[in-house]
Amino acid sequence: MTAQREWFEKDFYATLGVSKQASAKEVTKAYRKLARQLHPDANPGDETSEARFKEVSAAYDVVGDESRRAEYDQIRQMGPMGGFGSGPGGGMGGGFPGAGGMGGFDLGDLFGGAFSGGRGGGRGQRGADLETRLTLSFTEAVNGATTSVHLVSDTVCSTCSGSGARPGTRPTACGACGGRGVQAEDQGPFSFSRPCGQCGGRGSQIDDPCGSCQASGVERRPREVKVRIPAGVDEGQRIRLKRRGEPGRGGPDGDLFIVVAVEPDVRFGRRGRHLTVSVPVTYPQAVLGSEIEVPLLDGGTVTLKVPAGTRSGQTFRVKKRGVPERGGTGDLLVSVEVEVPTDPTEAELEAVEVLAEAMAARTNPQEPQGQEPQEHDDPPPDRLNGETP
């Protein structure tokens with residue numbers, strides 16, 4: 001299939017997902033988005049994504065170039081008869097500028113190293129991600145903290161600073177790729193680059209290796225990583241520290257993920273962005289109403305008015321005394337629990353007996369002995385005995 005026929009039969013604008021009137025900036029933006037999604041490095045072993053990546057690259061190679069885009073638009077407008085001439089004088093023929101230039105496309109130039117990061121500019125190998133666990137106190141999780149995690153992992157060699165070469169020497173450019181870290185591979189009308197098989201994408205070779213890391217540039221040792229824990233983290237939450245994982249081999253370093261574990265508090269609990277606490281009150285406080293002191297997580301207290309007739313287990317809300325988060329601070333949910341004495345005194349027992357008699361009289365009123373029953377048009381209202389337990 002000639003280039004003209006392919007240009008007519010394939011809608012490169014549709015391949016890139018843009019309109020024919022799209023600006024050069026919009027075309028490039030669309031291509032970069034698709035290329036990152038479909039690139040073989042991001043989809044290892046996925047033949048469908050690789051084929052689609054090649055189609056997108058071929059489309060951008062044409063409409064991403066101002067002069068070639070103009071030729072492409074002209075051929076599409078002329079139709080099949082205008083674009084399929086067979087030689088000089090036969091329409092467009094086979095000779096238009098740039099028809100054979102589709103094989104010279106270089107992804108590295110377009111992305112400016114988006115898929116690279118090695119010493120020689122090749123893609124190299126990204127460092128592995130690491131994961132570790134960090135236990136926080138309840139207060140640290142709510143308020144946030146700056147702390148450290150300790151782990152044993154591969155890190156940049158302290159002897160050669162990651163170069164892989166013996167101190168006092170330097171790596172030399174790879175002879176196979178000329179220091180670029182990549183080798184071109186032709187695939188029909190276009191080409192793409194792959195990591196150099198000789199240097200693994202580093203773009204360099206080591207003639208005098210480091211004695212500590214054996215030219216790998218990394219060594220395994222304990223290390224300490226400082227981390228700032230944001231306020232409001234919860235059990236099981238993962239915090240990502242970019243580029244704090246294992247070092248890359250010619251590519252970027254991996255990331256470090258910290259999984260948070262939170263120790264329970266003896267008094268406070270948590271319900272999302274709200275804190276919970278249980279406060280005891282006496283029976284008289286619950287019946288008559290009172291003001292009680294409620295503890296706060298920071299060690300202070302706040303006064304809460306408990307209305308008369310409060311039931312055991314009833315919950316009250318103290319606003320803005322919960323977990324601070326980006327969306328705002330939660331509330332403190334206070335549950336009131338009525339205390340029952342387990343070892344009452346003689347006076348308390350007598351008071352409870354008087355209360356029991358008063359409650360029984362209220363529930364089952366009886367007429368006083370020696371008096372005639374009084375007649376009422378309506379039953380008298382119930383009354384609580386005036387004695388305070």
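The modelled label-to-label distance between residue 77 and residue 226, using points 7 Å beyond Cα along the C-beta direction, is 6.3 nm.
Near residue 130, the amide H atoms lying under 5 Å from its own belong to 246, 255, 256, 257; only residues 5 or more places off or on other chains count, and H is placed 1.01 Å from N. Cross-link partners of residue 320 among lysines, defined as those whose alpha carbon lies under 24 angstrom from its own and excluding same-chain residues fewer than eight positions apart: 305. Kindly state, to the nearest 0.05, the FRET efficiency for residue 315 paired with residue 261, given R0 = 30 Å and r defined as their beta-carbon distance. The calculated FRET efficiency here is 0.60. Within the straight-line cut-off of under 26 Å between alpha carbons, the lysines reachable from residue 226 are 242, sequence neighbours fewer than 8 places apart in one chain being disregarded. Calculated FRET efficiency, residue 32 and residue 173, Cβ-Cβ r, R0 30 Å, to nearest 0.05? My answer for the efficiency is 0.55.
Could you rank 298, 11 by how accessible they are, 1.4 Å probe, largest area first?
Details: 298 120, 11 55 Å².
Highest to lowest solvent-accessible surface, that is 298, 11.
Note on residue 20: lysines with a C-alpha under 23 Å away, same-chain residues under 8 apart excluded, are 10, 29, 33, 54.
Residues in segment 131-149, backbone N under 14 Å from the label point at residue 329 (7 Å along the Cα-to-beta-carbon vector): list them, ranges by number please. Within reach of a label on residue 329: 142-144.
Descending by average beta-carbon neighbour count within 10 Å, the peptides 201-210, 143-152, 274-283 line up as 201-210, 274-283, 143-152, the highest first.
Per-residue surface analysis assigns residue 297 an accessible area of about 40 Å², computed on protein heavy atoms at 1.4 Å probe radius.
Using a 1.4 Å probe and counting only protein heavy atoms, arrange 20, 10, 305 so the residue with the most accessible area comes first. Could you put the intermediate results ahead of the total?
Numbers: 20 120, 10 95, 305 150 Å².
Most to least solvent-accessible, the answer reads 305, 20, 10.
The values are calculated or read from the model by the stated rules, or taken from the named source; none is laboratory data. The structure displayed is predicted, hence computed values, not measured ones. Don't worry about glycine lacking a Cβ; one is built from the backbone with ideal geometry, like all the others, and counts go over all protein chains shown. The accessibility values were calculated without ligands, DNA or RNA, using every heavy atom of the protein model including side chains. Shrake-Rupley method; radii C 1.70, N 1.55, O 1.52, S 1.80 Å.
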